[in-house]
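So the structure is just underneath, and the comments pick up after that.
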Amino acid sequence: MSYSIAEAARRSGLSIDTLRYYERIKLVDPPARDGAGRRAYSDEDLSWLEFLTKLRLTGMPIKSMREYASLRRHGVASAGRRKAILVEQRQSVADRIAELQGCLDILDYKISHYDQIDRKALGQRPAMEEISA
């Protein structure tokens, strides 16, 4: 199946400009063209775009993504280096998760602290029933 650039953008969640940019910087190979010369994205192209989107979400720099994309064109011969890039990025993600977990722990601590303050404040005020009685 093939998809127009607008449909590929919709399905991938990327803008048309981003798709063209990714093509220009060689993150994606130029898609096939239909009879009218318009880009025709394949399911394989969309899968690759989904993977690139995940890499971006991990915080991978465009430079590393370009290296990975370039190596991908070399097939199995580049599998070792591609794996190394992913292992490095995985470590970066794991480090970031640990950092965010520390931030989450601090937020939980502070929220708990304010819950205790709220409970004490509520315990010191008379209940509404007592005020109206």
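Laboratory data are not the source of any read-out in this text; all were calculated from the coordinates shown. What you are looking at is a predicted structure, and each value in this text was computed from that prediction instead of being measured. Reconstructed Cβ throughout: ideal geometry from the backbone, glycine too, with neighbour counts over all protein chains shown.
A cut-off of 5 Å between modelled amide H atoms, ignoring neighbours fewer than 5 places along the same chain, links Val28 with Glu23.
What percent does the relative contact order of the stretch 1-63 come to when contacts are Cα pairs within less than 8 Å and at least six residues apart? Worked out over the stretch 1-63, it gives 37 percent. Other residues whose C-beta falls under 12 angstrom from the C-beta of Arg82 contribute a net charge of +2, scoring Lys and Arg +1 and Asp and Glu -1. The stretch between Ile97 and Ser42 holds 16.4 nm of extra length on full extension. This uses 0.36 nm per residue minus the Cα-Cα distance.
Only DSSP H runs of four or more residues enter the estimate; each adds -39500 (n - 2.57), and after division by the residues of the chain the mean residue ellipticity at 222 nm equals -23500 deg cm²/dmol. The magnitude of the dipole of the stretch 1-57, with charges of +1 and -1 set on the Cβ of Lys/Arg and Asp/Glu and taken from the Cα centre, is near 220 debye. Derived scalar couplings between HN and Hα for the stretch 26-34 equal 6, 6, 10, 6, x, x, 4, 10, 7 Hz in order, rounded to whole Hz, by the Karplus curve 6.51 cos²θ - 1.76 cosθ + 1.60 (θ = phi - 60°), x for Gly and Pro.
Among the lysines of the chain, pairs at least eight places apart or on separate chains and with Cα atoms under 26 Å apart come to 7. Dipole check for the stretch 59-126: with +1 at the C-beta of Lys and Arg, -1 at the C-beta of Asp and Glu, and the Cα centre as origin, the magnitude is about 460 Debye. Each part gets one Cα centre, and for the stretch 25-56 versus the stretch 82-112 those centres are 31 Å apart. The magnitude of the dipole of the stretch 28-89, with charges of +1 and -1 set on the Cβ of Lys/Arg and Asp/Glu and taken from the Cα centre, is near 240 debye. Summarising the label geometry, the points placed 7 Å from Cα in the beta-carbon direction at Ile5 and Val76 lie 3.7 nm from one another. Mean sequence separation of contacting Cα pairs (under 8 Å, at least six apart), scaled by the length of the stretch 25-98, corresponds to a relative contact order of 27 percent. When each of the peptides 88-97, 46-55 is scored by the mean number of other C-beta atoms lying within 10 Å of its residues, the order from highest to lowest reads 46-55, 88-97.
Can you tell me how the chain classifies by the Cα gyration tensor, rounded, prolate or oblate, using a/c under 1.5 as the rounded cut? Oblate, since a/c reaches 1.5 and b/c is not below a/b. What is the angle, in °, between the Cα long axis of helix 43-57 and the longest principal axis of the Cα atoms in the chain? Nearest 10 is fine, range 0 to 90. The angle comes out at about 40 degrees.
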